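Enquirer: Provided herewith is a single structure, encoded as structure tokens, for subsequent inquiry.
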Amino acid sequence: MASAPPWPILARTRSARGGSRSGLPPRTELLAALFPELAASPLAAPSLTLACGILRAPPRGRGSPLALSFTPATAPMRALQAPPLTSAAVLTARGWETPELLARAAAARRELVAARVGGDWWMHGAPVERVGRALVLLDEAGPADALANAMLRAALADYPPEDITLLMPNCGRRPDILAAAQGCQIVAAATDPWPLIEQAERIYCAGGETGFLALLAGREVRCFADSYYSGWGVTADAAGVTARPFRRGVDEIFAGACLVATRCLDPYRQRPAAFEDVVRILAEWRRIEEANRRIAVCVGMSFWKRRQVADFFRSTAGAPRFCRNARQALAATRARPGSAIAVWATRVPRGLPQVAVRERIPLLWVEDGFVRSVGLGSDFMPAASLVIDRGGMHYDPRITSDLERLLRETRFDPAMIERAGRLIADLVAHGITKYNLRAPGSPVANTVLAAAAGRRRILVPGQVEDDLSVRLGGAGVRGNADLLARVRAANPDAFIIYKPHPDVEAGHRAGMVPDRLARRFADAVVRDQSTASLLAEIDEVHTLTSLTGFEALLRRRRVVVYGRPFYAGWGLTADLALAGRGRRLSLEELVAGALIVYPRYLDPVTRLPCPPEVVLERLQDPRLWRPGLLVAARRLQGMVARRWQAQFRSRRAAPDDRS
């Protein structure tokens, strides 16, 4: 798959803490898109120094964290009559504070605080269990000992030492402060600031970013140095902090600094984005980060999946370890109490589930997602989506999976329903299915289905007969031939089309039905058409547990289900083996749960977690899905297996042909 830099250098940039990130030429088009005010300048290319804004991603590997927002650190040079761009300039100016902007600021501030995002991602160390009522941010004081001592003295004047927590990485270099802080709790390692902010009632800061986050969260903030948010009457300022000529509220300061002066970048599409949209991206990344940090080890992952799986499960703690067997996996997990094992659902080491239950080690069951890639997993094509389930796999009717629980209990809000509707429309418009195999061939309507002549057209998708979804959810149907026989018996006058499963056709899996046998029940056997093109032309799908049934629902086709797949039992399908799940769903609710909330997606370009809409866009670019040497070798192996199977079936059929 192709790769690209996750974010461009727009101009000379620096981090919020002053670190230099220069040396690359500016991206003038994106700079103009982020700051269109500069386009009106008499000089076409003013110099602009940017700082990373409050929205940043967690670090990945050894590179700098991904910057998702930018704010001018200085006013643009060589730009005549430029509007105010820095936070300080915007907040000093008047006239931009419209009611609409302030209402938006209030909502965005609440959303940011609820998502616990913004600032550096300090999740490397263990979380702090208890925080005192006073939180002193000595890390913001830098090397200024006088400033740090003033903050500590003020806190000690207000609270007893046991009620004070000092955030001070590199505390070993400050012996004088350590001596004065006897009895205080000291957090010496970088840690997540949000739990600290949430537990404290008063924050002592030197005007840094964590102090600003505390202000947004509604905490009392005492400032000991000038900053863009001090002096406006919302902070308790120490002597020497500059007073502003008028007062501003917290939402006004947030609006000026984060919505007017800050410009945000869509990390996937490299274009301007709304602040709220980037907050939602970061909220999802934080959810994934917190889940991934619990995973100590992956087991049962094939060698060719490991790079992709590592990217799905990467966190600020690094990627999980890959083990070959249960013994290694259990040893790695015991070394990290409270951690979990991620296991590929079809390759579970013998005895692992039983030991995990006995030792109370969480197992996370992993499988391919429902919109997977362009190409087969059996051809070693990496997946762009995975499902991770704590209860078990969605195709196992013996257990209650996270997906079933989600669909049964979640009340999806109108925004999610609307999003699911758009996703359905995009999936259908672009012909997206699980594997997206672009099979050549003439249009179906002009070939096979031309013979239907007004008869009801039924598609029966073949399945891999030894697949767990068939073995566990097959409800007594004994493979593809048995399913075909049942469909014909129930629909004697219908025009039945049988499409073998692509993994079976590729020669990698079991489930081959000889054409001679298939045509005893089916009017046609179709191989050279994509599933999406077939679904556009048929009336019904009759299936055991195939995902084709779900894909047919998206296209508003009637679906008759003979087994127990995840999409049955919700009132959307005709179910022959399932009485119901206790709740009826709309198609949009089913899609919201199964395609938006439940799976995880990985952008093949940036290697970042992404929403399904991004993967749908990437599926339209064939350059991202070109098979490598491993995939080509696997396809050659499948071709040899198919030819051998055909010759074997031919030799077995020869005596019957002579008789």
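Enquirer: Please name all residue pairs, on different chains or six or more residues apart, with Cβ atoms under 6 Å, provided the first residue is in region 318-345 and is under 24 Å from D467 (Cα atoms) and the second residue is small (G, A, S).
Expert: Cβ pairs passing all conditions: C323/A329; A326/G351; I341/A329; V343/G300; W344/G300.
Enquirer: Kindly indicate which of L547, L535 is within 28 Å of A291 (Cβ to Cβ), within 32 Å of the chain's Cα centre (by Cα) and hydrophobic (A, V, I, L, M, F, W, C).
Expert: Sole residue among the options that is within 28 Å of A291 (Cβ to Cβ), within 32 Å of the chain's Cα centre (by Cα) and hydrophobic (A, V, I, L, M, F, W, C): L547.
Enquirer: Further question on the same structure: From R334, R263, R307, grab the single residue that is in contact with a Gly (Cβ under 9 Å, 6 or more places away or on another chain) and either basic (K, R) or surrounded by fewer than 17 Cβ atoms within 10 Å (Cβ to Cβ) (or both).
Expert: On the way: R334 fails: in contact with a Gly (Cβ under 9 Å, 6 or more places away or on another chain); R307 fails: in contact with a Gly (Cβ under 9 Å, 6 or more places away or on another chain).
Answer to the check: R263.
Enquirer: Something else about it: Of R360, R372, R350, R390, which residue is loosely packed, with under 14 Cβ neighbours inside 10 Å and within 23 Å of P611 (Cα to Cα)? Can you show your working first?
Expert: Values: R360 fails: within 23 Å of P611 (Cα to Cα); R372 fails: loosely packed, with under 14 Cβ neighbours inside 10 Å; R350 fails: within 23 Å of P611 (Cα to Cα).
Just a single option satisfies the conditions, and that option is R390.
Enquirer: Something else: Inside region 292-309, can you point out the residues that are within 30 Å of P195 (Cβ to Cβ) and in contact (Cβ under 8 Å) with a residue 40 or more places away in the chain?
Expert: Across region 292-309, the qualifying residues are R293, R294, I295, A296, V297, C298, V309.
Enquirer: Yes or no: P76 more than 25 Å from D192 (Cβ to Cβ) and modelled with pLDDT under 90?
Expert: yes
Enquirer: When E140 is evaluated against the numbered criteria (1) modelled with pLDDT of 90 or more; (2) assigned by TED's automatic domain parsing to the domain that holds A206, which criterion, by number, is the only one it fails?
Expert: Answer for E140: the failing condition is (1).
Enquirer: Count, please, the residues in region 209-239 that happen to be over 17 Å from R116 (Cα atoms) and in contact (Cβ under 8 Å) with a residue 12 or more places away in the chain.
Expert: First, the residues of region 209-239 that are over 17 Å from R116 (Cα atoms): 220-239.
Adding the requirement that they be in contact (Cβ under 8 Å) with a residue 12 or more places away in the chain leaves 220-238.
Qualifying residue count for the region: 19.
Enquirer: What number goes with the only condition from (1) in contact with a strand residue (DSSP E or B) (Cβ under 8 Å, 6 or more places away or on another chain); (2) modelled with pLDDT of 90 or more that W121 does not pass?
Expert: Of (1) in contact with a strand residue (DSSP E or B) (Cβ under 8 Å, 6 or more places away or on another chain); (2) modelled with pLDDT of 90 or more, only one is false for W121: (2).
Enquirer: So which residues in region 103-117 are in contact with a helix residue (DSSP H, G or I) (Cβ under 6 Å, 6 or more places away or on another chain) and either not aliphatic (A, V, I, L, M) or not assigned by TED's automatic domain parsing to the domain that holds S230 (or both)?
Expert: Those that are in contact with a helix residue (DSSP H, G or I) (Cβ under 6 Å, 6 or more places away or on another chain) and either not aliphatic (A, V, I, L, M) or not assigned by TED's automatic domain parsing to the domain that holds S230 (or both): R109, E111, R116.
Enquirer: Across region 34-73, which residue is modelled with the highest pLDDT among those that are of a type in the set (S, T, Y) and touching a helix residue (DSSP H, G or I) at 6+ places or on another chain (Cβ under 9 Å)?
Expert: Ranking the qualifying residues of region 34-73, first place goes to S69.
Enquirer: State the number of residues belonging to region 277-328 that are more than 30 Å from G351 (Cβ to Cβ) and touching a helix residue (DSSP H, G or I) at 6+ places or on another chain (Cβ under 8 Å).
Expert: Count: 6.
The values are calculated or read from the model by the stated rules, or taken from the named source; none is laboratory data. Everything numeric here is computed off the predicted structure, so don't read it as measured data. Glycine also receives a Cβ, built like all others from the backbone with ideal geometry; neighbour counts cover every protein chain displayed.
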